[in-house]
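A.B. asks: Before I ask anything, let me first share the structure, which is written out below as structure tokens.
The values are calculated or read from the model by the stated rules, or taken from the named source; none is laboratory data. Note that this is a predicted model, so its numbers are computed, not measured. Note that we place each Cβ from the backbone using ideal geometry, even for glycine, and neighbour counts take in every protein chain shown. Surface accessibility is based on the protein's heavy atoms, side chains included, excluding ligands, DNA and RNA. Shrake-Rupley method; radii C 1.70, N 1.55, O 1.52, S 1.80 Å.
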Amino acid sequence: MAPISYVYYFIIISPCDRIKKIVEFFKILLDKIIPLSKINLYSKPHISLMKFSSTDDDEQVIRKVKDALSSSQNFEVELNGSDIFQHGDLSTTLFLKISNPTPIEALYQLLLTADLAPVYRKKITPHLTIARTIPNDIFAGRVDLSKFDYYDSFLCKHITILKQAPGESYRELATIPLRDYFI
């Protein structure tokens with residue numbers, strides 16, 4: 001009998017290309033102020049929804065996510081300046097705030113019903129990360145948050161499922177469309 005293979009799946013919201021370019025610009029700007037790791041500098045802009053490990057069964061994961069989100073409609077994501085998360089005395093995460101987190105929190109709650117065994121089961125704080133886990137001794141006093149304030153919005157029309165096999169980088173597995181919202 002072959003051993004069971006486990007992989008990581010990551011469910012995200014991808015912003016539109018315009019906003020991805022702005023976040024990529026902010027990463028470059030921040031790297032000129034403080035040195036960023038390659039992961040921070042080159043990670044693709046996204047809003048995290050859920051990460052979980054599972055047996056390597058893409059079809060089942062895609063079906064569960066589609067079923068959980070089948071009634072979800074697209075919605076506007078409003079970006080509202082920058083802020084930081086302090087991770088104790090160790091590190092800081094710089095991110096763009098989301099002024100209307102409720103639709104994103106609702107997606108997360110629906111995903112919790114999908115029996116996906118998330119790595120964490122907690123209330124999420126929706127945000128769009130610029131750079132994460134920057135050591136406090138490098139970040140403190142050197143970064144002017146106002147240089148990263150950005151106000152814009154984009155229509156969330158789908159969520160994306162990424163997959164990471166052992167020893168590999170994440171790759172896009174599927175895009176799950178949300179239903180059109182009609183007024």
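A.B. asks: Just need the relative contact order of the chain here, percent rounded to a whole number, with Cα pairs under 8 Å and 6+ apart. List each step's numbers first, then the result.
C.D. replies: Numbers: 336 pairs, mean separation 60.1, N = 183.
Dividing the mean separation by the residue count of the chain yields 33 percent.
A.B. asks: Let's see if you can work this out: charge +1 on each Lys and Arg Cβ, -1 on each Asp and Glu Cβ, no other charges. What is the dipole magnitude of segment 1-120 about its Cα centre, in debye to the nearest 20? Could you put the intermediate results ahead of the total?
C.D. replies: Numbers: 12 positive and 14 negative charges, 84 e Å.
About 400 debye.
A.B. asks: Then there's this: Per residue, how much accessible area does segment 45-122 have with a 1.4 Å probe, in Å²? Don't jump to the answer; show the numbers that get you there.
C.D. replies: On the way: 3720 Å² over 78 residues.
With the other protein chains kept in place, segment 45-122 gives 48 Å² per residue.
A.B. asks: To the nearest 500 deg cm²/dmol, what mean residue ellipticity at 222 nm is calculated for the chain from DSSP H runs of n ≥ 4 alone, each contributing -39,500 (n - 2.57), summed and divided by the residues?
C.D. replies: Values: 5 runs with 48 residues, N = 183.
Using -39500 (n - 2.57) per qualifying helix, the result is -7500 deg cm²/dmol.
A.B. asks: State the number of lysine pairs found in segment 1-65 whose Cα atoms come within less than 12 Å, restricting to pairs 8 or more positions apart or on distinct chains. Could the numbers behind the result be given before it?
C.D. replies: Values: Lys20/Lys44; Lys21/Lys44; Lys27/Lys38; Lys27/Lys44.
Lysine pairs, 8 or more places apart or on different chains, close enough: 4.
A.B. asks: Quick check on the chain: what are the equivalent-ellipsoid semi-axes from the Cα gyration tensor, as sqrt(5λ), descending, whole Å?
C.D. replies: Values: eigenvalues 165, 91, 39 Å².
Taking √(5λ) for each Cα gyration eigenvalue gives 29, 21, 14 Å.
A.B. asks: While we're on this one: Relative contact order of segment 142-183, please, whole-number percent, based on alpha carbon pairs below 8 angstrom and at least 6 residues apart. Could you put the intermediate results ahead of the total?
C.D. replies: Numbers: 33 pairs, mean separation 14.0, N = 42.
It rounds to 33 percent for segment 142-183.
A.B. asks: Accessible area of the chain with a 1.4 Å probe: how many percent of it is carbon plus sulfur? Show your work: numbers first, answer last.
C.D. replies: Values: 5550 of 10410 Å².
Answer for the chain: carbon and sulfur cover 53 percent of the accessible area.
A.B. asks: Within segment 94-161, how many Lys pairs that are eight or more residues apart, or on different chains, come under 22 Å at the alpha-carbon?
C.D. replies: Working: Lys97/Lys122; Lys97/Lys123; Lys97/Lys147; Lys97/Lys157.
Here the count comes out as 4.
A.B. asks: While we're looking at this one, here's another question. Expressed as a whole number of Å, what is the distance separating the alpha-carbon centroids of segment 104-183 and segment 31-83?
C.D. replies: Using only Cα atoms, the two centres lie 4 Å from each other.
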